[in-house]
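No lab work stands behind these numbers, since they all come straight from the coordinates. Quick caveat: nothing in here was measured; it's all calculated off a predicted structure. Glycine also receives a Cβ, built like all others from the backbone with ideal geometry; neighbour counts cover every protein chain displayed.
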Amino acid sequence: MLDTIKKIRQEAHEALENIKNLNELEDIKAKFIGKKGELTQLFKDLKSVEREKIREVGQALNEVKTFIENTLAEKREKLQAQQEKTVDFDFTLPGRHYNIGSKHLIVQTLDEIKSIFKKLGFSIYEGPEIESDFNNFEALNFPADHPARDMQDTFFVSDKFLLRTHTSPVQIRVMQNNTPPIRAIMPGKVYRNEAISARSYCLFHQLEGLAVDTDITFAELKGTLVHFAKEFYGSSLKYRFRPSFFPFTEPSAEMDITCYLCGGKGCRVCKGTGWLEILGCGMVDPNVFKSVNYDSEELTGYAFGMGIERIALLKYGITDIRILFDNDFRFLSQF
Amino acid sequence: MKISLNWLRNFINIPEVSNEEIIEKLTSVGLEVEAVEDYSKMYNNIVVGFVKEKQKHPNADKLSVTVVSDGKEEFKVVCGAPNCQQGKKVVFAKVGAFIPAFGETLKKAKIRGEESFGMLCSEKELMLSDSHDGIMILNDDAPVGTEISKYFGLDDCVIEIGITPNRPDALSHIGVARDLAAIYGKSINLPDDKVIEADIDVNTVAKVVVKNSIDCPRYAARVVKNVKVKESPEWLKKRLKAVGLRPINNIVDITNYLLYETGQPLHAFDLNMLKDNTIIVKSAETDTKFVTLDSKERVVPKDSLFICDAEKPVALAGIMGGENSEISEKTTNVLIECAYFNPTRIRKTAKKLQISTDSSYRFERGCDPNNVIYVVNRTAKLIQELAGGEICKGIIDVYPEKIPNKVIDFRLGRVKQILGFIVEKGKIESIFKGLGFKILNSDVNSLKVEVPTFRPDIEREIDLIEEVARIYGYDNIPVVEKISIPMKSTVDESEYNDKLRGILTSLGCYEIISNSLQKKELAVITGNPVKVLNPISSDLEVLRTSLLQGCLNTIVNNLNVGEKSLKLFEIGHVFKQINENINAFSDFTEKEHLMVALTGTSINDVWYDKNRQYDYFDLKGIVEELFSKLGFNDISFAKPEHHYQYMKNQFEIVVNNKIVGYLGIVSANILKKFDINQAVYYAEIELDILKSLKVNIRKFKELQKYPKVIKDLAFIVDKNITYAELEEFIYKNSKNILKFVKPFDIFESDEFGKNNRSIAIRLEFYDENMTLTEEVVEKEFVSIIEKVRNKFNAQLRGEVK
């Protein structure tokens, strides 16, 4: 019987070595250790073995059984792993899409800017689009019949009310409704009575900034805006501040950054100057403080404002502003 | 404004400073250089050429084929100008030359089959003037091959400066030179204004009466007799052309020249045309017709300031002269007006008449009332030099009340408070002196500064601080790298909308931003719109009363480009007029709305599914999900109290018992107006109401410990019975082990009868404290079936007779 066992072991070993698939594996299992398997049969025959050899034969049987079982398990694992590697469907078909929509590109741009200032502890305020002449102009130190008003072509809805030409009137509202210290940004839609073209639209978005406290300085304004620009445009950015004029700030400035399309060499976009203007800013004019009953001897402040469309057009390489308001799905779905 | 750097350098002696540096410095002090035309570099490869041969073009009657020599080589050039002649000297642009008028570099071309190596240019093509009367024909002695920039003396560099409205002083070459003087610590050189006067007393030849000295605080005049009006000399014409002016005649050119030199507008009258040799400055008592120099008749509004002679207006003060007294070739005696007019008056008239001249532009920003004598002398002197004649003795100067220089107290400590760093006192003083200000008094903490009248923008200490910062250089101001933030709660008014955007985009909606300005006829459908008094066009004459129009415009634009399936949302303000006149915020409303719209197919030609059109329930699902994610548990949809005529199947959206908006299908009549022929599902929500609603913090619900039992059933009921009625009835008439009811199949069939439908419902039973037994559930299930049967006359499916 020991010889038979040895033979079975040999046969099983050869069969297991040459095994090719799981079906064969099941056949081998049945052949040797299945209910009617050869080895199973020998176990049944064990009782007819001479007493003194029972122990030896038994051990031999068990050893072969364990060998077959272990090898089977090992082979099964290998074959299964192999099987999982083969693909039985056309995986090149596109996946099922569950479309996520998108925020408008202008809103996405605003989000980026807002998040930079929020981290600096700025609040965010909004204001109405129909404004009084007082909030939009007078309180901001634009006297009636002053050439400064020509800087902004205005849509009027009556002789006292208009579509705000900038987000600066929200400054007035924020100062009227809060006590300093104030650090705030104010995004929103503004309107200009300009012919619609590739370069200008009758409405666009601005983001206004305002800080009022007892110790706000021009140096802090510069620091804050440089921080913003580096966060937004990259830390290697070069910048400059130029004197400019806004009735509601004094001193007033405009901030330029090196044209990132030509690296400052001069191109069409920067009109050959190598610089791109990104925002206007300055120290809050004492007349503005006066209009909201703040004491300009005690308080100082800065304000800044930037056009969002311009930033987005430059950043994403869009050459016609109207595409932002056409809402063509082929555009919306790109961002 | 255009500034010629050659001209500018007449007033400030800085030969060591390059043009490039001047440009950079001017920008750094706030005179932003927006464009640079460097003529010395502009006309490379354009030379004096000689037309050796000229033949007709074989394929074009109006063209000729020439052979042009540059002295070394000969080139074949096709030319279209009729005045091109053999043997003439011309302006020849070679291949590679930049042609300013085209903004392009010249390439070798084939014109009607003939090759052309360059072109012969007109003045217009080189942007030397507007003249396009054929090509330029040069004098016969022009040296062939000479670069054109050398030949014309075009070595100037002309810059365009964007002058902000606060800096009228910089609207002249001397004014710009003054900023440079402050930067480089130099003084400016003013040309001599000493005149040689004849014996005739000016008061015997002319008289000036100012009747409105508020609008005309100063009026000065000189008379030059026996002048010869003719063409200006080349140098003067060149200067004027450089700054973009067209030379007219020597007298007019001189007034323009001095305007660009000093910033003081001037006017020259033909004295012989002035009735009684008299000037009367007075306001128009009524709207008055007047023909200005440009031969246009204008209706000048009442109260405008006129310069009149003894009987009629002869000039619109500070804006434009009149045709009736302009300088002509016949003019012999000239009265030079050099005045200071009230900025507001000039601005009002110019704005009403919608004219802006070099003169009005300066007067309305503010000229220097105390510089008129210098300028009138310079003018008389130059007229005498270029047009001959005798300068009458004396100046007529009507200046009843002298406008004084301003004196401003300046605290040195305030500089640090505003700018954030200390500027040395000595530096501050030198900046002020450089700008032409006087230091009247100086002590440890303060200065007393006298500011001349050429700087009307400087009135306060803060304005002086700006001057310090400007000349010191903004880029030299340190950058603070640390700020301190008070521990005060911050506000974010845009947070809620950002949350809405987050939910809606995750539901697959795309955000649009549409124009708030719209067509009136469509805006009136959704409310009484606020009108814009001065719209760009009739398409944009009112403000939107709803977000519907913008949405439908967006849909139609997309349909036109083949984008037929859209899932959109917009957040924006809508406006409605309440009272007839807008005098206060209460006369109109401005509210923030949200719209969501669906059109086309939900699933669109994919390999794994069948196409399906969007329907009402897609929109309803989005709205339900939106409110649920916002934290509201109580959402329902109600038949509207007020049905909008532009909606079909409209329902009100009710959240926490408040109507927050509506949803439905846009009426076919409206869609027709927009040329949309597919269904549009539309919801509009008033965000002000929504934001006012309280959201309760959701409390955690224990997870189920015991298995739930699910039972499905289907009733055939009358179509008029709504699902909501059924559901409500089931909930109300069952024990509390029934936890959840939902419909899972709705079905119509002839089998059920015309007025019936099948509603399949899933019931979920669960007990928090134990495993439900089959008997308990079965009993309740049967009871529910019985009650529904009785109440709604429903049939359980499978029992259909």
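General remarks:
- Ellipticity estimate at 222 nm from DSSP helix runs (n ≥ 4, -39,500 (n - 2.57)) divided over chain B, nearest 500: -7500 deg cm²/dmol
- Modelled this way, with points 7 Å down the Cα-to-C-beta line, the labels at B:Val407 and B:Asp688 are 5.5 nm from one another.
- The relative contact order of chain A comes to 15 percent, based on Cα pairs under 8 Å that sit 6 or more residues apart.
- Here the convex hull built on the C-alpha positions of the range B:558-639 has a volume of 183 cubic angstrom per residue.
- The range B:318-387 and the range B:51-114 have Cα centres separated by 45 Å.
- Here each label is just a point 7 Å from Cα along the line to Cβ, and for B:Ser749 and A:Thr214 those points are 8.4 nm apart.
- Neighbouring Cβ atoms from other chains, within 10 Å of the Cβ of residues in B:595-607, number 1 on average.
- All Cα pairs of the range B:609-699, percent lying beyond 15 Å: 63 percent
- Average partner coverage of A:285-294, which counts Cβ from other chains inside 10 Å: 1
- Candidate aspartates and glutamates for bridging to B:Lys228, where Cα separation is under 18 Å - those fewer than 8 sequence places away on the same chain excluded: B:Glu197, B:Asp253, B:Asp270, B:Glu326, B:Glu329, B:Glu385, B:Glu390
- Multiplying the residue separation of B:Lys76 and B:Asp475 by 0.36 nm and removing their Cα-Cα distance gives an extension gain of 138.2 nm.
- Computed over chain A, the ratio Rg/Rh where both radii use C-alpha atoms and Rh is Kirkwood: 1.52
- Cα gyration tensor shape for the range B:145-242, rounded if a/c is under 1.5, else prolate or oblate: oblate
- Charged-residue dipole, Cβ positions (Lys, Arg, Asp, Glu), the protein assembly as shown about Cα centre, Debye nearest 20: 1420 debye
- Checking the Cα-Cα distances for A:Lys114/B:Lys694; A:Lys271/B:Lys110; A:Lys103/B:Lys488; A:Lys315/B:Lys691 against a 29 Å cut-off, the pairs over it are A:Lys271/B:Lys110; A:Lys103/B:Lys488; A:Lys315/B:Lys691.
- Gyration tensor verdict on the range B:1-141 (Cα atoms; rounded if a/c is under 1.5, prolate if a/b is larger than b/c, oblate otherwise): prolate
- Cα centroid separation, the range A:182-222 to the range A:1-34 (Å): 84 Å
- Theoretical FRET efficiency, 1/(1+(r/R0)^6), r = Cβ-Cβ of B:Asn560 and B:Lys672, R0 22 Å, to 0.05: 0.90
- Among the trypsin sites (Lys or Arg not before Pro) in the range B:697-728, those located in a DSSP loop and surrounded by at most 11 other Cβ atoms within 10 Å of their own Cβ are B:Arg698, B:Lys699, B:Lys701, B:Lys705.
- Residues whose amide H falls under 5 Å from that of A:Val157, counting only those 5 or more places apart or on a different chain, are A:Leu162, A:Leu163, B:Leu533, with hydrogens built in the peptide plane.
- Counting Cβ atoms of other protein chains within 10 Å of each Cβ in A:239-249 and taking the mean gives 6.
- Subtracting the Cα-Cα distance of A:Gln108 and A:Asn62 from 0.36 nm times their residue separation leaves 9.4 nm of extension gain.
- Cleavage-rule hits, GluC sites (Glu not before Pro), the range A:260-335, DSSP coil, Cβ neighbours within 10 Å at most 10: A:Glu297, A:Glu298
- On the beta carbon distance between A:Asn23 and A:Phe43, with R0 = 30 Å, the FRET formula returns roughly 0.75.
- Alpha-carbon Debye profile of the range A:66-225, log10 I(q)/I(0) at 0.16, 0.18 Å⁻¹: -1.05, -1.20
- Each 10 Å bin from zero holds the following percent of Cα-Cα pairs in the range A:2-85: 17, 48, 24, 9, 2, 0.
- The mean of 1/r over all distinct Cα pairs in the range A:101-170, once inverted, gives the Kirkwood hydrodynamic radius of 14.1 Å.
- For the range B:495-692: rounded, prolate or oblate by the Cα gyration tensor [a/c cutoff 1.5]: oblate
- Taking chymotrypsin sites (Phe, Trp or Tyr not before Pro) as exposed when their DSSP state is a loop state and no more than 11 other Cβ atoms lie within 10 Å, the longest site-free interval of chain B runs over B:103-606.
- Mean separation of Cα contacts under 8 Å (6+ apart) over length of chain B, as relative contact order %: 8 percent
- If you plug the beta carbon distance of B:Asn139 and B:Glu323 into 1/(1 + (r/R0)^6) with R0 = 25 Å, you get a FRET efficiency near 0.10.
- Those GluC sites (Glu not before Pro) in the range B:599-706 that DSSP places in a loop and that have at most 15 other beta carbons within 10 Å: B:Glu641, B:Glu702
- Approximate spin-label separation A:Tyr316-A:Ser333, in nm, with each point projected 7 Å along Cα-to-Cβ: 1.5 nm
- Angstrom value of the Kirkwood radius, inverse mean 1/r, which spans all Cα pairs in chain B: 35.3 Å
- Pairs of C-alpha atoms in the protein assembly as shown farther apart than 53 Å represent 46 percent of all such pairs.
- Label point 7 Å beyond Cα of A:Ile323 along Cβ direction - residues of the range A:265-306 with amide nitrogen under 17 Å: A:269
- The order of the peptides A:130-137, A:155-162 by mean Cβ neighbours within 10 Å, most packed first, is A:130-137, A:155-162.
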